[in-house]
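Notes for the one structure printed next.
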C-alpha cells in the first residue's frame, strides 16, 4: 500500500501518528487583506475548541491517548498571503519568536508547551481556499520539513464550519487524504465512507480509513481495505488535475 495515492502522506514529515500532546500553534495573520478584531478572534478560538474536542473524542474511541493544546497569537505580514507562501510564513513566525529557523522554532515550542508535535496554523480573516502542506512519500525524509496549513475564514461565517475546516486540514498533516477528488475516489467514498470529514463539508466523523492513515488503528479495517482496493488505480496525475480544476473554479 506504500504507493497507493490515498496513503502517500502516511508516516511522513514531523506530524506522523496523531497521539500524545499536540499543539495547534495558531497565528492570526494581520496582512493587507486580513485584519482581526475581537469577535473574529473569539470565533477562531471557539473553532479551535471544536476541532480539539472532535480529535480527542475520536482518539478515545480507539483507545489512543491524545491531548490537543492550542495557542492563538498575532502575526504581522507585510505581504498578501496565499498557498505559495508557506516558506515565508515559517521564516516570519520563527523571527517573531526569536528563532533562526523552523527547526529551532519547533524545538522551542515543544519545550515551552510540553508538546510532542506541533501543528502550525496560519489563519486569515478573509475568503480563500484552506489547504495543508503535508509531506508525501516522494519527499525527502527527516525529522521536520515545515508542515503547516492555511485556514481561511469564509462566508457564511460559523465557528462550526471553521472548526470543521481546521479538523480536516489538521488530519492532512498526520496522513489523511481527501476523498472528494478525483471523481473515482469520491464515488467510492460516498459508497463506503459517506459521512467522513475528508469527504463532505460539515461532517465531523473521522472514518475508518483515516483512522488507519493517522495511526489510530494499526491495520486498515475491512471497509478501509475495500476503499483502498477500489481506488488502487487512481494516479497522482489525476488527483493533481482534479485539484487544479478545483482551484480554478473557486477563484
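Read-outs throughout are calculated quantities, based only on the coordinates presented, and are distinct from any laboratory measurement. Since the structure is predicted, the reported quantities are computational estimates derived from the model, not experimental observations. Ideal geometry is used to build each Cβ from the backbone, glycine not excepted, and the neighbour counts take in all protein chains shown.
Each residue in 230, 211, 38, 100 was given a count of other beta-carbon atoms within 10 angstrom of its own, and listing them fewest first yields 38, 100, 230, 211. Look at 161, 201, 34, 221 and count the other Cβ atoms within 10 Å of each Cβ; fewest to most, that gives 201, 221, 161, 34. As a length-normalised measure over Cα pairs under 8 Å and 6 or more apart, the relative contact order of the stretch 5-176 settles at 39 percent. Where does helix 102-113 land angle-wise versus the long Cα axis of the chain, in degrees 0 to 90, nearest 10? Approximately 80 degrees, to the nearest ten. Based on the convex hull around the alpha carbon atoms, the stretch 121-249 presents an average projected area of 8.5 nm². The alpha carbon centroids of the stretch 87-105 and the stretch 189-215 are separated by 33 Å.
Packing, as the average of other Cβ atoms within 10 Å across residues, places the peptides 52-62, 68-78 in the order 52-62, 68-78, highest first. Relative to the longest principal axis of the Cα atoms of the chain, helix 38-61 runs at roughly 40 degrees.
Each of (1) 7, 26, 36, 21, 6, 3, 1, 0; (2) 6, 27, 30, 20, 10, 5, 1, 0; (3) 7, 32, 38, 20, 3 is a candidate for P(r) over Cα pairs in 10 Å bins from 0, in percent; the one calculated from this structure is (3). Specify the inter-centroid distance of the stretch 118-132 and the stretch 220-241, based on alpha-carbon positions, in whole Å. The stretch 118-132 and the stretch 220-241 have Cα centres spaced 27 Å from each other.
For the pair residue 97 and residue 238, label points projected 7 Å from Cα toward Cβ lie 4.0 nm apart.
Treating the angle as unsigned and between 0 and 90°, give the value, to the nearest 10°, between the Cα long axis of helix 183-192 and the longest Cα principal axis of the chain. Roughly 80 degrees between the two axes. When each of 233, 97 is scored by the number of other beta-carbon atoms lying within 10 Å, the sequence from fewest to most is 233, 97.
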